[in-house]
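A short write-up of the structure that comes next.
The values are calculated or read from the model by the stated rules, or taken from the named source; none is laboratory data. For clarity, every value in this text was computed on a predicted model and none was experimentally measured. Counting neighbours? That spans all protein chains shown, and the Cβs are built from the backbone with ideal geometry, glycine included.
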Amino acid sequence: MKWTEQIRKVEFLLMLAAVVFVAGSLIFTHYFTLALQREEHSRMEVWAEAMRSLSQADENTNLSLVLKVLNENNTIPVVVMDGNGNAQTYRNLTMRSCSRADSLRYASRLGQRLKARGHAIKIALAPNDFIYVCFDDSILLKRLVYYPWLQLGVLLVFIAILVFALLAAKRAEQNRVWVGLSKETAHQLGTPISSLMAWVEVLKSEYPDDNLIPELDKDIQRLQLVSDRFSKIGSTPELTPTDIVPLIERVAGYMQRRVSHSVNVLTSSTSPQAIANINANLFEWVVENLCKNAVDAMGGGPGTLTLRVFDFPDMVAIEVADTGKGIRKKDLRNVFKPGFTTKKRGWGLGLSLAKRIVEEYHKGRIWVKSSEVGKGTTFRIELRK
């Protein structure tokens, strides 16, 4: 849970930094764009004045400076129109047509749009004769508008990579904890179980007719099975084709012997056989965990625990349904998280372990199919054949 809280804090701080960075970049770009627009407008005023000088020049006028000003504009699109809105000449425009007439018509339409936007300078050549120098933003100025959004995109990609790395580190740490805890548990159980098995053999030889010793032996074998399950958590288990139906019936029988008589344990199957690739010990553990949670949800009172097996052409589905207290909607998203529990006593690891075994080791799916407060919950597992 600490890892999750830390990652959420990091995500919040990163998003806050991204918002501040982009906001600052947008403000800076806005003012920089305005300054560049004013500069380009001043340049176009000089360019328009050069056009006026060129239009009014006679044979004695020195045009070297005028032509230099006109020719130095290689970035700002310009359309020169007469008083009737017809383009006379243009500069720095990309034309789709090779025809001079079509190009002038296109330039005229563009010039009229620029004039309507206020991007035009009126130059009087004579009392009743004038031209319009219409200009657009340069390519640099247009690209500058998109620069902050490009920065935002790069920043979001960086944040996504960083969050992915944090989540991967979190998963790696969880895996190390799971493996270490499982191996240590199996190791700690090994010695006392071996000792108990030896003592049972002694008791069998001393009291061969005692009916309690076989039951004691069953419980010790159960402990040995638990130890074996923990040892398999730390490594990739071997999956073999296994019939799910007898496994479910075996779990149901085990649960029926160990729960209150007021709880009915029922089984059903759509087919006599349902073969799936599983590790029987681990998968049986998953079903037992679901059944124990179901029994706890019923509080030991009257209720029904139902285990259903569905055999499909491409998969096998198992449902564990109870008539317990149900799960609140706000808790549904957390039921498989390590440490989450609604019990007064509990570690909150059972469902997390079940999810790990089903999805990581068996490549299946497990989820809460349905739950209603006061009526019960149904968990569903799907395994590919």
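Only one of the listed residues (ARG117, ARG105) is loosely packed, with under 12 Cβ neighbours inside 10 Å, under 55 Å from the mean Cα position of the chain (by Cα) and of a type in the set (Lys, Arg). That residue is ARG117. When LEU167, LEU212, LEU156 are checked against the criterion of being outside the structural domain of ILE27 (by TED's automatic domain parsing), closer than 30 Å to ARG384 by Cα and aliphatic (A, V, I, L, M), a single residue qualifies: LEU167.
Do we find that ASP82 is surrounded by 13 or more Cβ atoms within 10 Å (Cβ to Cβ), in contact with a His (Cβ under 7 Å, 6 or more places away or on another chain), more than 30 Å from ALA354 (Cα to Cα) and modelled with pLDDT of 80 or more in this structure?
no
Scanning region 183-219 for residues that are among the polar types (S, T, N, Q) and either on the phi > 0 side of the Ramachandran plot or assigned to a helix (DSSP H, G or I) (or both) turns up THR185, GLN188, THR191, SER194, SER195, SER205. If you go through region 225-265 and pick out every residue that is in a loop (DSSP other than H, G, I, E, B) and modelled with pLDDT under 90, you end up with 9. If the condition is being of a type outside the set (S, T, N, Q) and more than 25 Å from GLN56 (Cα to Cα), then region 66-113 contributes LEU93, MET95, ARG96, CYS98, ARG100, ALA101, ASP102, ARG105, TYR106, ARG109, LEU110, ARG113.
For ARG143, the stated conditions do not hold, so it cannot be described as more than 30 Å from ALA23 (Cα to Cα), part of a helix (DSSP H, G or I) and modelled with pLDDT of 75 or more.
LEU110 - would you say it is within 30 Å of TYR31 (Cα to Cα) and either assigned to a helix (DSSP H, G or I) or free of Cβ contacts under 8 Å to residues at least 24 places away in the same chain (or both)? Against the criterion (within 30 Å of TYR31 (Cα to Cα) and either assigned to a helix (DSSP H, G or I) or free of Cβ contacts under 8 Å to residues at least 24 places away in the same chain (or both)), LEU110 qualifies. Consider only pairs whose beta carbons are under 9 Å apart and that are at least six residues apart or on different chains; among these, list those whose first residue lies in region 79-99 and is part of a loop (DSSP other than H, G, I, E, B) and whose second residue is of a type outside the set (Ser, Thr, Tyr) and exposed (fewer than 11 other Cβ atoms within 10 Å of the Cβ). Listed pairs, sorted by first residue: GLY83/ASN128; ASN92/ASN74. Scanning region 273-287 for residues that are buried (at least 17 other Cβ atoms within 10 Å of the Cβ) and hydrophobic (A, V, I, L, M, F, W, C) yields ALA274, ALA276, ILE278, LEU282, PHE283, TRP285, VAL286, VAL287.
A quick yes/no check of all residues on (1) touching a residue at least 60 places away in the same chain (Cβ under 8 Å); (2) in contact with a helix residue (DSSP H, G or I) (Cβ under 7 Å, 6 or more places away or on another chain); (3) surrounded by fewer than 16 Cβ atoms within 10 Å (Cβ to Cβ):
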| position | (1), (2), (3) |
| --- | --- |
| ASP209 | no, no, yes |
| THR242 | no, yes, no |
| LEU247 | no, yes, no |
| VAL259 | no, yes, no |
| SER271 | no, no, yes |
| ASN289 | yes, yes, no |
| ALA297 | yes, no, no |
| GLY301 | no, no, yes |
